[in-house]
Structure formats: structure tokens, C-alpha cells
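All remarks here apply to the structure that follows.
The values are calculated or read from the model by the stated rules, or taken from the named source; none is laboratory data. Predicted, not measured: the structure shown is a model, and the values here were computed from it. Ideal geometry is used to build each Cβ from the backbone, glycine not excepted, and the neighbour counts take in all protein chains shown. Surface accessibility is based on the protein's heavy atoms, side chains included, excluding ligands, DNA and RNA. Shrake-Rupley method; radii C 1.70, N 1.55, O 1.52, S 1.80 Å.
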Amino acid sequence: MRFLAAFLLIMMTIGGVDGSTSWVNNITVNEYGMTWTYNETFSEADSIIYRMNIDSGFGDNDSFVNAWEVLIADKELRKDFRTSIEKELDVRINNETQGIYLVDVDAALSPELVGKTHIFDMIVNKYITTYRFDKSILTAGKIWFMGQPNTPVTIVMPQGVDVVNISGMDNFTINNTDHTEVYGFFKELSRDRAEITLNISQNASFVKKEINATNATNATDATNPTDVLNSTNVNFSSHDEEKESMFEKLSWIRDTTIVAIGLVIILLIYIFKIRKK
């Protein structure tokens, strides 16, 4: 199939039909993990060759790609992609892969694949790989990525990380906001290999914020017990005064009631005696 694809590509190119394939990388680094999204685009002659490869490799070679063939291709591509990455991880921290784990490999093949193979349109496939880090990237000194030569890449670093130096990237720009984003291209190291290294450090202001937050927490935890006790005593004193006042009012009401009842009784006795006489 490789020879057939190459032959078809040559014939189409000779016939004046252009084709192109592009590979775009978007990397988002979090404190304890990373996602790497790949957008793969085929157009014109390359889209025909790609469809023909799926139809012949995963289908019945009837010049038509159906949904079932796309599902089979999706499954096999994920498996091959995972196997390829597991042989050599495309990310390292401090020149090591220890403590870095490939969690998931996902794929979303273009819905435009379904249909006749000989159609000149655009196919865009998407692949997503997810990694987990044992250690915080905030404590790292460098992070390394391996990719395809001359392909565009966007690297988004987490808040609190400064990019000190970059190697292996062409035409790069750095955008600093509350986090750092780097744009550029993988610089060719060999025909099918490129490597980018970012030397990083923890942002000084971010460290200061962390320290201040910790100090504030400690200050709250370290409140003087005597102050707390005194505050409690004040509350207790206030409650005691309120209770005392309430008892005084109740005593006055009780005494007044007794006197009133006594007067009523005396009055009734006096009236009774007068009537008897």
C-alpha cells in the first residue's frame, strides 16, 4: 500500500493535482499532568490516498469508506498510537520519564471520511494524549517534548512557572499573562524527529503569594489561647449580667404579685365581715 500510495501521489502531482498534510500540536501542561492534542489535516490528493488506505486496509476495497470501516480504523490507530508512545514517551521532566504516566489516548477521525474514496476535500483528524505526573511541575528545572519536524506547536504552561530558556524551537514567541504560552515550530533534528526543551523555574511572585497564604493560615491557627479565653470570659460575664437582671425582674414581679394578692384577700375579708354584721 505504501508503494501504491506513493505511485498515486506521483501520478496526481504530475496531473496537476496538489495535496498536503499538516500536523498541528497543542500542549497544555498542568501542575500534575499534561494533555497533548494533535490535529492532522489531509487535503486534495492526500485526502484521496488516506481514504484509499482506510478502504483497503480496514475495509473491503470497494472505493467507498463506510462508518464501520472508520470505527475499525479509529480503534487500530489508537492502539498503534499508544504502542508508539509507550516505546518512547514524547515528554520528559528533568531529562527523565520516571514518574510520568500515559493515562489515555483518544482519537476522533473526521466524519468526512465516510463516502467515496475519490473526493477532493479536507479531512481533519484529532488525537488527544493525556499524561499524569507524580511530582509537581513547579519544582522542575526543565521539560522536554518530542515531535514532528517543522510542525507548529503551542505550549501552555501552568500558573507559577516561568520559561527561562528555549531550545529546539524555530520562530518562537512567548506570551506572558497570568501564565506563560509559547508558540513556534519543532526544529528539525533529523528527518522524522524534533525535540524542544524548555528551561523553567517557579515564578518568584507566585512563591511569595504561597508563602503569604501559608503565613496567614499559620497566623490564624496560632491565635493566643489567652486572648481566646479572655474573649470567652467577656462573653460569659455578659451572659451572667443578663441572667442577673432577668432574675431581679422576676423577683420584683413575684413580690408585687404576692403583695397584690394579700391586699385582695384582706379586702375580701373586710367586705365579708361588714356583710355579716
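At a glance:
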item: T37 versus D106: modelled label distance in nm, points set 7 Å from Cα along the beta carbon direction; result: 1.0 nm
item: Computed lengthening from D170 to R82, 0.36 nm per intervening residue step minus Cα-Cα distance; result: 28.9 nm
item: 1.4 Å probe accessible area per residue over the range 93-152, in Å²; result: 51 Å²
item: The range 35-123: GluC sites (Glu not before Pro) falling in loop per DSSP and having at most 15 other Cβ within 10 Å; result: E88
item: Too-long pairs where the Cα-Cα distance tops 23 Å, listed order kept, from K142/K187; K79/K187; K87/K126; K79/K142; result: K79/K187; K79/K142
item: Solvent accessible area, Å² - R193, 1.4 Å probe, full protein context; result: 60 Å²
item: Percent accessible area from carbon and sulfur atoms, the range 70-179, protein chains only, probe 1.4 Å; result: 49 percent
item: Residue-by-residue Karplus 3J(HN,Hα) for the range 124-140, coefficients 6.51, -1.76, 1.60, Hz, glycine and proline x; result: 10, 9, 10, 10, 10, 10, 10, 10, 10, 10, 6, 10, 5, 5, 5, 9, 7
